Amino acid sequence: MITYDILIVGAGHAGAACAIALRQRGFAGTLALVGEEAELPYERPPLSKDYLAGDKPFERLLIRPAAFWNERQVQMLTGRRVTAVDPAARVVATADGERIGYRELVWAAGGHPRRLACEGGDLPGVHAVRSRADVDRLVAELPGVARVAVIGGGYIGLEAAAVLRKLGREVVLLEAQDRVLARVAGAELSRFFASEHRGRGVDLRTGVAVAAIVGRDGRAAGVRLADGTAVAADLVIVGIGIVPAVEPLLAAGAAGGNGVAVDLHCATSLPHIHAIGDCALHANAFADAMPIRIESVGNANDQAATVAKALTGAPEPYAAVPWFWSNQYDLKLQTVGLSAGHDAEVVRGDPAARSFSVAYLKAGRVVALDCVNAVKDYVGGRALVAGRARVAPVRLADAAVPLKDMVAG
Ligand SMILES: Cc1cc2nc3c(=O)[nH]c(=O)nc-3n(C[C@H](O)[C@H](O)[C@H](O)COP(=O)(O)OP(=O)(O)OC[C@H]3O[C@@H](n4cnc5c(N)ncnc54)[C@H](O)[C@@H]3O)c2cc1C
């Protein structure tokens, strides 16, 4: 059995960023990433954007080329799923029965797509958009597909809908809540994106519950809604979130539930085990220290840096400002901060002009911004969110005054 000084489970964004940061910080010990996918670490955001559209080849998604990992002596153990962790022996076991030892373990396993629990949810023709393999399977079926049902009006569902419209497919989008993006944005932004999608021909239906995926000849042929409505579709995309991939850690006794609980240095409750990225349940300063998981590239990178610092003797607590982006049609959305729990929304600019921002306030302080085709607001507004600035709503709404000039209050 080989034992690595640092073993990273999950060869995705966070795992790759952690390995890069460790080597950048001069860590010279043995280092390996073990990941269940066949590929070297790659960027997921293009999976629902340019890669799905066929505008970007897979090679351009790789976080680093193979030579980079070889040169830095980062062992890539791909195609291996870790199924058990023994924290006392400091050993992980894979599905194939391989045992790998570690001195320090970094758990960066992200999550698996949440599956539809209803009848027909696993029929051929029902697709998730989480991995390269998911998207390759989906794209291979597209030539025979005229009409797609997208279940879930979150970012991934909306991005996929935008690409499929561009590819000339009919799209019906089904959202259970009464508005799209309900989990992550305020009502104004939801209204804007719903109207954009409808304007591009998406049949967008909110407040609808999926009862079953209807099959024909052993393949998905549509969706039946709870009220009995039949929605015909040649292909179904399910974008209803992820289930954090933490079972082996929880089974080994780590604290957690919806993710694995970590402290400000990303340490789990188990000795010599850190966790980062989509699966890390942490008390976030931008969510009033509530334990949350953040599913974003920014968080994956920042928590990776936090662990690299902790493991190289220079610990610094995680305090990064959350940020995110989404591309739909010609719209570039950039968000900073976390809007959950806001008590006021202020619109800057004119949504009809397709360049505007929404500022979110909680108890009079700016907690988040959603900026649509408004890079200056995004850049200038970061400091407002970072400092939880107190700015009067009428001032925030004045698009003639740059947000950067409001930092002093
Ligand atoms: C379609 C899509 C679009 C996105 N768009 C954006 C965007 O526009 N902006 C943004 O900021 N973020 C976006 N994200 C989110 C972002 O990609 C994730 O937050 C980020 O990838 C998280 O990194 P991670 O390392 O935690 O997880 P991942 O990148 O998912 O990596 C985890 C890896 O661990 C592997 N793994 C899981 N369990 C095991 C196990 N038991 N053993 C071994 N390996 C395991 C997984 O297969 C995976 O390869 C998007 C995500 C998707 C899927």
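The values are calculated or read from the model by the stated rules, or taken from the named source; none is laboratory data. Just so we're clear, the structure is a prediction, and the values are computed from it rather than from any experiment. Don't worry about glycine lacking a Cβ; one is built from the backbone with ideal geometry, like all the others, and counts go over all protein chains shown. These accessible areas exclude ligands, DNA and RNA; they are computed on the full protein's heavy atoms, side chains included. Shrake-Rupley method; radii C 1.70, N 1.55, O 1.52, S 1.80 Å.
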Residues within segment 48-90 that are in a helix (DSSP H, G or I), open to solvent by 70 Å² or more (accessible area, probe 1.4 Å) and within 25 Å of Val135 (Cβ to Cβ), tallied: 2
Count of segment 204-226 residues which are crowded, with 16+ Cβ neighbours inside 10 Å and over 19 Å from Val126 (Cβ atoms): 2
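Is it fair to say Ala182 is closer than 20 Å to Trp325 by Cβ and open to solvent by less than 10 Å² (accessible area, probe 1.4 Å)?
no
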Search result, residues across segment 272-319 that are open to solvent by 20 Å² or more (accessible area, probe 1.4 Å) and either among the hydroxyl-bearing types (Ser, Thr, Tyr) or under 16 Å from the mean Cα position of the chain (by Cα) (or both): Asp278, Leu281, Ile292, Arg293, Glu295, Val297, Asn301, Asp302, Thr312, Tyr318
Long-range neighbours under 7 Å by Cβ, at least six apart or interchain, first residue within 30 Å of Asp5 (Cβ to Cβ) and open to solvent by less than 30 Å² (accessible area, probe 1.4 Å) within segment 106-129, second part of a loop (DSSP other than H, G, I, E, B) and away from the ligand (no atom under 16 Å from the Cβ): none
Residue match in segment 326-337 (condition: open to solvent by 20 Å² or more (accessible area, probe 1.4 Å), more than 15 Å from the ligand (Cβ to nearest atom) and in contact with a Phe, Trp or Tyr (Cβ under 7 Å, 6 or more places away or on another chain)): no
Condition check for Arg293: of a type in the set (D, E, K, R), in contact with a strand residue (DSSP E or B) (Cβ under 6 Å, 6 or more places away or on another chain) and away from the ligand (no atom under 11 Å from the Cβ): no
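Output the residues belonging to segment 191-203 that are under 16 Å from Val150 (Cβ atoms) and open to solvent by less than 30 Å² (accessible area, probe 1.4 Å). Full working, then the answer.
Our first condition is that a residue be under 16 Å from Val150 (Cβ atoms); within segment 191-203, this holds for 193-194, 196-198, 200-203.
The answer is Phe193, Ala194, Glu196, His197, Val202.
Inspect all residues belonging to segment 233-244 and state whether any of them is under 26 Å from the mean Cα position of the chain (by Cα), more than 22 Å from Arg137 (Cα to Cα) and within 16 Å of the ligand (Cβ to nearest atom). Break it down stepwise before answering.
Pass one, segment 233-244, residues under 26 Å from the mean Cα position of the chain (by Cα): 235-244.
If we keep only those that are more than 22 Å from Arg137 (Cα to Cα) too, we end up with 244.
Subsequent filtering for residues that are within 16 Å of the ligand (Cβ to nearest atom) retains 244.
Yes; the residues of segment 233-244 include at least one that is under 26 Å from the mean Cα position of the chain (by Cα), more than 22 Å from Arg137 (Cα to Cα) and within 16 Å of the ligand (Cβ to nearest atom).
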